[in-house]
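**Student:** I am attaching a structure below and will ask some questions about it afterwards.
The values are calculated or read from the model by the stated rules, or taken from the named source; none is laboratory data. Every value quoted in this text rests on a predicted model; they were computed, and no experiment measured them. So basically every Cβ, Gly included, is an ideal-geometry build from the backbone, and we count neighbours across all protein chains shown.
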């Protein structure tokens, strides 16, 4: 009986000692103290238990437990274990909270963040970016090719529609080596004397003055060689003006009203012969046969436009002067409109390079298109600095207004006008201006 009770007490003491080492509760301490009391039933004082049994070990440890209680270790152990349990519960709840809401928990959130950090827009769309780049490059090449083909086709059309070939113009000048600047000045002086107040005359009237002056200077055999080339450009202009309903002089209208087969056949020719043309245009056509250098040709064209243009203010007392006025128009300033008209006349007489006459249109979709520019557009582009470096000034000091002889020469040599191909020739001199 005593052994059975002792065995039970020893078992209880051993279990409580194990719990004491982990949680150290006061309940276990009481059990250990109770196990070591000498008032156990059947346990007489002085009774010795075998040291190998559990009860013997529990009794042996009784004093250690009591010392721990007196020193307060049991109480502090229990308090520490309780505090640790209380702190562990909120952590477990906080860690279990998100998991109870979305079922994924902290591990799921970490996976999401990992997937977001691993994504790369460039790498994810590398194929699309590559194909888009290739498509843009091909589209740009196609658009550029279409634009160049359009410009080339227009230039070929201008060349094929030209009334004179550049080689024909060279032959015309070489054949008229006696047609010098002195003869030109005599012709202009005679035109001012015969037509003091007229700015437009018929082509027959103009030819009459020219042939008479040339015969007076060089005899009956002195005339314009290869004159049919000059006639070609003048007749084309007459046809254009007649198609647009140009002015016709009333003189000689009675001859047209005469009956007969011959009158009816020559009706169209007679009508064209009565169409008046501006004197600057006729002089520009005559300059095709003028034998001289570029500077002299520019000067006589500038003076001709200054004399016979209504927009020029001459300090010498009016336009064209009187019968005895001298041929000194170089001092007069040429208006911007007169310069544009002279460039237009040079364009119609085939004295401009076809490439320079091409200008862009406002249409750029699907590709850039081009058209033939007018004389006014070409002059404005030259005076505005078109074709040069970005931010460069034009060939004149001002974009509008009067132009001097040097500025007029610069306009004709610019890349946007390029009269007689002078924009391709590098020259130095007072009137030579590099194309910017």
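**Student:** Among (1) under 51 Å from the mean Cα position of the chain (by Cα); (2) buried (at least 19 other Cβ atoms within 10 Å of the Cβ), which single condition is residue 213 missing?
**Tutor:** (1) is the only condition that residue 213 fails.
**Student:** Quick check on the stretch 320-330. Is at least one of its residues within 18 Å of residue 281 (Cβ to Cβ), in contact with a helix residue (DSSP H, G or I) (Cβ under 8 Å, 6 or more places away or on another chain) and modelled with pLDDT under 90?
**Tutor:** Within the stretch 320-330 (the criterion being within 18 Å of residue 281 (Cβ to Cβ), in contact with a helix residue (DSSP H, G or I) (Cβ under 8 Å, 6 or more places away or on another chain) and modelled with pLDDT under 90), the answer is yes, since at least one residue qualifies.
**Student:** In addition: From (1) within 30 Å of residue 144 (Cβ to Cβ); (2) modelled with pLDDT of 90 or more; (3) in contact with a strand residue (DSSP E or B) (Cβ under 7 Å, 6 or more places away or on another chain), pick out the condition that doesn't hold for residue 368.
**Tutor:** (2)
**Student:** Residues of the stretch 195-222 being touching a helix residue (DSSP H, G or I) at 6+ places or on another chain (Cβ under 6 Å) and part of a helix (DSSP H, G or I), which ones?
**Tutor:** 203, 204, 206, 209, 210, 213, 217, listed by residue number.
**Student:** Now for a different question. State yes or no: is residue 308 at pLDDT below 90 and under 23 Å from residue 412 (Cβ atoms)?
**Tutor:** Yes.
**Student:** Let me ask something else about it. Say whether the condition of being surrounded by fewer than 19 Cβ atoms within 10 Å (Cβ to Cβ), modelled with pLDDT under 90 and within 22 Å of the chain's Cα centre (by Cα) is met by at least one residue in the stretch 394-408.
**Tutor:** No; the residues of the stretch 394-408 include none that is surrounded by fewer than 19 Cβ atoms within 10 Å (Cβ to Cβ), modelled with pLDDT under 90 and within 22 Å of the chain's Cα centre (by Cα).
**Student:** Starting from residues that are under 17 Å from the mean Cα position of the chain (by Cα) and either in contact (Cβ under 8 Å) with a residue 24 or more places away in the chain or assigned by TED's automatic domain parsing to the domain that holds residue 284 (or both), keep the ones in the stretch 343-369 and report whichever is farthest from residue 153 (Cα to Cα).
**Tutor:** This residue is 366.
**Student:** Next question. Residues 151, 173, 193: which one is outside the structural domain of residue 236 (by TED's automatic domain parsing) and either over 30 Å from residue 228 (Cβ atoms) or at pLDDT 90 or above (or both)?
**Tutor:** 151
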